[in-house]
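Report on the following structure.
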């Protein structure tokens, strides 16, 4: 269900991509709620980009279309790929800054 009416001939790629960078181990609530709201408001593709999947959260059972990925091992390549896609807003420096703050 979405707040907007979509053209029946469209696909999720026509409605933008949102990458949510967040969800520390055991603290995924805000990222999950943000992802659900984004889908409800009409975003086509939603990715929760986490720095660690150690807590086992890899799937939102309420909204399984939300993609959950671990970006710690390949943050630079992922950010560059997201920046090339149309309608994407991803920043490599932000990912690296968050990663360096999380790493002991």
Could you line up 43, 17 from fewest to most neighbouring Cβ atoms inside 10 Å? 43, 17
Rank these for me by crowding, 4, 69, 48, 20, going from fewest to most other beta carbons within 10 Å. 4, 69, 20, 48
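Which FRET efficiency value, to the nearest 0.05, is calculated for residue 52 and residue 11 with the Förster distance at 41 angstrom and r the Cβ-Cβ distance?
So, using R0 = 41 Å, E works out to roughly 0.85.
FYI, it's all coordinate maths here, none of it is from the lab. No experiment lies behind these values; they were computed from the predicted model shown. Cβ atoms come from the backbone with ideal geometry, glycine included; neighbour counts cover every protein chain shown.
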